[in-house]
């Protein structure tokens, strides 16, 4: 049987790769033959995931980095290229969606933190990695957005705006670095990751979605593998919804 998602010989850089959806993508890429460079603010957590990747027979390296800090991103990218000599797949997964009591009561520090992590960081990483991909053998960039960008709500207004801006960046970078680099977005709905532990049972049920449930973290994998692999060779500038049919 043909393995449509074969990533043998590829190198993936995944931000926020130590838990949640990022962790699932790291494991899936490694299972399909990719070597992985894992980063998050907690290097020890990345190291534990790297051990799992190595147990699958793939190479893994880690780097502690707050991607919301622009000044740290050059070092992150340089470290990844020093470790593997290339990046074929970049996944901008790191993100955060803190709630605010109201737009009026949203402090500037919170607004800036949300925008820096969810919008500014992917912009800079796409610039740094995408330009090298375009000058080399090409590659695939996958941005992890949110259903909130398509269905914004008041308590997440800055987050929804940042993710909507990320969707716009996806198309802009697809044109800037095409045809050798493909840039796409996955738009997840509610997933039962660690953050869901703070949700009410009603929120977890997600009864307004067409599938009437929240997603299991591993259900992000197939979309990520499709966009990372050469089988998505005619897909770029797209937003792929993995949200259970949000209303």
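All of the numbers you see were taken from the coordinates with simple rules; none came from a lab. Treat the numbers as computed from the prediction; the structure is a model and nothing was measured. In this analysis, Cβ positions are derived from the backbone assuming ideal geometry, glycine residues included, and neighbour counts consider all displayed protein chains.
The protection proxy used here, the mean number of other Cβ atoms lying within 10 Å of each residue, ranks peptides 12-24, 122-134 as follows, highest first: 12-24, 122-134. With each label modelled as a point 7 angstrom along the Cα→C-beta vector, the residue 86-residue 70 pair spans 3.1 nm. Extension gain, residue 153 to residue 55, is 31.1 nm, computed as 0.36 nm per intervening residue step minus the present C-alpha separation. Under Stokes-Einstein, with the Kirkwood radius over Cα pairs as Rh, the value for the range 183-230 at 25 °C and 0.890 mPa s is 205 µm²/s. Relative to its residue count, the range 11-242 spans a Cα convex hull of 119 Å³ per residue. In this simple spin-label approximation, residue 239 and residue 200 carry label points 7 Å from Cα along the Cα→Cβ vector, and these lie 2.7 nm apart.
Maximal additional length on extending the residue 208-residue 231 stretch stands at 5.0 nm, based on 0.36 nm per residue less the C-alpha distance. A crude spin-label estimate for the pair residue 48 and residue 175, with each label 7 Å from Cα along the Cβ direction, gives 4.4 nm. In terms of the mean number of neighbouring beta-carbon atoms within 10 Å, the peptides 80-93, 46-59 order highest first as 80-93, 46-59.
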